[in-house]
Amino acid sequence: MTAERTRDRPPPLVLVLAAIAVAFFALPFLGLLWRLPWSALLDVLTERSVRTALWLSIRCSLLATAASLLFGVPLAWVFARVGFPGRGVARALCTLSMVLPPVVAGVALFFSFGRRGLFGQYLDEWFGVRLPFTTWGVVVAQTFVAMPFLVLTVEASLRQFDTRLEEAARTLGASRWYAFRHVTLPAIRPGLVAGGVLAWARALGEFGATITFAGNFPGTTQTMPLATYLALETDPEEALILSLVLIVVSFAVLLGLRDRWLGSTVRPVAA
Amino acid sequence: MRWLWCIWTVLALGATSCGGDDDAGATSSPSGSDITVFAAASLTDAFTELGEAFGEAEPGASATFNFAASSELARQLLEGAPADVFASADEANMSKLTDGGGAAGEPVTFATNRLEIITAPGNPLGITGLADLAKPELIVVTCAVEVPCGTYAEQVFSNAGVTVTPKSYEENVRAVANKVTLGEADAGIVYSTDVTAAGEDAGGVEIPDDVNVAAEYPIAVTAESGDPDTARAFVDFVLGEEGQAILARYGFAPP
């Protein structure tokens, strides 16, 4: 931070607007802390149901992030590199779930992957697989709404990446796959991490699609946001503590990743 | 600084234009005596029609509704959400309001409702009663105990002496009905009125009187109401002949 001081000071207007933005994000959290029943903190935190919900949330959001990486990175690569008719339409389609109200996303998942769904009826008939009311249903719902965040971020990184580096690797005898793994992927690492974190954060906070598609059952589909929402109905104090847990976990992860992975500059690996 | 001013103006305008809550089934009145009614999710269809009839009966008056789980509404009211009338699906959530001095006068019971088993149209699995819901191969959903319909469902199961493990505890009664009408669940516990509302999309199996519960719906004008006269008129309309007739048509029993 101090090394940057030699430059001109940023324009006051920028500082003022940035300060307003910080206040805008900080105030709701301060409000939460202000109303938090600190005396009940320990009682709630030691409840088994809270640990169950938190553990389920962590597992599901990580699985959703893994699925997003597995399918999202190739998709981003196709969007960034392969020109084909209808690419714009395909991209819009694959990012639609970002703007869809989550409850609508949940209903749409019913109609497609549900027991009577377009595709889900065959899943049930042929493999006996039913997604609604299962943990996998939660993962599907979270992946559906979270993956676009990764795809868009990774695609932007790929577009900025100098393809000549890949070509250089190819002329030195690297296979296409080798060049992708050892040249392209390391070079877009910040974008990959940022996209992964965005998708994970979205999955962790997912509520609407989950409760609509996967339902709400402790240990199977009741993630932290669902537990928090229902606690709000009868015990607002407990709900506040549950949200604090989610906030602390997310904040720690975002903070840790920020410094370790995103702070460094991009250093393309020369093959 | 002019820039800042501009931005503030935009922010202020934006804040006012999107400051409203999600109000479903809004009706507007040009002459201005529009009241906001917070009503239990199970009242959605009946109150929407009742609101229209109220607008016709009282020229210049209209009601805008916010439908959600009663517990959710009670919480919103305690947090200061602006409402003129609160219609709850149970006594417990109404008392959250009255205990805090949030109601003007005593709440009045305006309707009762009973629980019923909701099934797929024509009841293809041949469910005959509560005991069938204990079968493990059946996908049963109920409300979460945090909302009134979930508490009632638990009471009914315990009255009947059956142990049912639902696949999901839904956040409100409409979500239970939807899971069944969409075919994802085989059966659910809802209010009789929800079976009526689902029409051809669902079947219903009645729960015998000796194990059923009567859900009492209280209504009250809020202490914070900006238009207590219109709010009072709405409550009278609900309790009156026309209001009761509409409620009966949606399957509610009189108080």
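What follows is calculated from the coordinates using simple rules that are stated; it is not laboratory data. Predicted model only: the values in this text are computed from it and were never measured. Every residue, glycine among them, receives a Cβ derived from its backbone with ideal geometry; neighbour counts consider all protein chains shown.
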Contact order normalised by length for the stretch A:45-204, with contacts defined as Cα pairs under 8 Å and 6 or more residues apart; what percent is it? 35 percent
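How shielded is B:164-177 by partner chains, expressed as the average number of their Cβ atoms within 10 Å of its Cβ atoms? Let's see the in-between values first.
Values: counts 0, 1, 4, 9, 10, 9, 5, 9, 1, 0, 0, 5, 0, 0.
Going residue by residue through B:164-177 and averaging, the value is 4.
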For chain B, modelled as a GNM with alpha-carbon contacts under 10 angstrom, which of B:ASP209, B:ASP186, B:ASP132 fluctuates the most? B:ASP209
Pick from B:GLY188, B:GLY55, B:GLY126 the residue whose mean-square fluctuation is largest in a GNM of chain B, springs joining Cα atoms under 10 Å. B:GLY126
In chain A, helical segments from DSSP H whose Cα atoms cover 20 Å or more along their own axis and that average at least 0.0 on the Kyte-Doolittle scale are A:12-35, A:48-81, A:135-160, A:189-205, A:236-257
Could you give me the percent of Cα pairs per 10 Å distance bin for the protein assembly as shown, shortest bin first, beginning at zero and ending with the bin that holds the maximum distance? 4, 15, 22, 24, 18, 10, 5, 2, 0
All-pairs alpha carbon distance profile, chain A, 5 Å steps from 0, percent: 1, 5, 10, 12, 14, 14, 13, 11, 9, 6, 3, 1, 0, 0
So for chain A, averaging the separation of alpha carbon pairs under 8 Å that are six or more residues apart and normalising by length, what relative contact order in percent results? 27 percent
Can you tell me, using C-alpha contacts under 8 Å and at least 6 residues apart, the relative contact order of chain B as a whole percent? 26 percent
Report the normalised scattering of the stretch B:113-214 as log10 I(q)/I(0) at q = 0.10, 0.17, 0.23 Å⁻¹, calculated by the Debye formula with identical scatterers on the alpha carbons. -0.20, -0.63, -1.26
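Using only the Cα atoms, what convex hull volume per residue in Å³ does chain B have? Could you put the intermediate results ahead of the total?
Working: hull volume 38.9 nm³, N = 255.
Per-residue hull volume (Cα only) is 152 Å³.
Would you work out the charge dipole size for the stretch B:113-214 about its Cα centre, treating the Cβ of every Lys and Arg as +1 and the Cβ of every Asp and Glu as -1, and quote it to the nearest 20 debye? All intermediate terms of the calculation are to be shown ahead of the outcome.
Working: 5 positive and 15 negative charges, 21 e Å.
Rounded to the nearest 20 debye, it is 100 debye.
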Any residue on another chain or 5+ positions along whose placed amide H is under 5 Å from the amide H of B:GLY188 is listed here as B:ILE118, B:VAL141
Provide the per-residue ³J(HN,Hα) series for the stretch B:82-92, in order, calculated from phi with Karplus coefficients 6.51, -1.76, 1.60 and θ = phi - 60°, each as a whole number of Hz, with x at glycine and proline positions. x, 8, 9, 9, 10, 10, 9, 8, 7, 5, 4
Projected label distance in nm at B:GLU137 and A:VAL22, using a 7 Å step from Cα toward the beta-carbon: 6.4 nm
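For the stretch A:1-96, which trypsin sites (Lys or Arg not before Pro) are in a loop by DSSP, counting at most 16 other Cβ atoms within 10 Å? Numbers along the way, then the final one.
On the way: sites: A:ARG5, A:ARG7, A:ARG35, A:ARG48, A:ARG51, A:ARG59, A:ARG81, A:ARG87, A:ARG91; in loops: A:ARG7.
Answer by residue number: A:ARG7.
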Over what distance in Å are the Cα centres of the stretch B:147-176 and the stretch A:90-150 separated? 26 Å
So what is the 222 nm mean residue ellipticity for the protein assembly as shown from helices alone, if each DSSP H run of at least 4 adds -39500 (n - 2.57) and you divide by all residues, rounding to the nearest 500 deg cm²/dmol? -17000 deg cm²/dmol
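Evaluate E = 1/(1 + (r/R0)^6) for A:ARG48 and A:ARG9, where r is the Cβ-Cβ distance and R0 equals 51 Å; express this FRET efficiency to the nearest 0.05.
Once the sixth-power term is evaluated, E becomes 0.45.
Estimate the FRET efficiency between A:ARG116 and A:VAL253 by the formula 1/(1 + (r/R0)^6), using the beta-carbon distance for r and 41 Å for R0, to the nearest 0.05.
Working: r = 38 Å, r/R0 = 0.92.
Rounded to the nearest 0.05, the efficiency is 0.60.
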Restricted to Cα positions, what overall size does the stretch A:198-241 have along the principal axes? Three whole-Å values, descending. 29, 22, 17
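Please compute the net charge surrounding B:GLY251, taking Lys and Arg as +1 and Asp and Glu as -1 over other residues with Cβ under 14 Å from its Cβ.
It works out to a net charge of -3.
Quick one: net charge around A:THR171, please, counting Lys, Arg +1 and Asp, Glu -1 for every other residue with C-beta under 15 Å from its C-beta. Don't skip to the answer; put the middle values down first.
Numbers: positive: A:ARG164, A:ARG170, A:ARG176; negative: A:ASP162, A:GLU166, A:GLU167.
Net charge in that neighbourhood comes out at 0.
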In sequence order, what are the phi-derived ³J(HN,Hα) couplings for the stretch B:165-170 according to the Karplus relation 6.51 cos²θ - 1.76 cosθ + 1.60 with θ = phi - 60°, rounded to whole Hz, with x for glycine and proline? 10, x, 7, 7, 9, 7
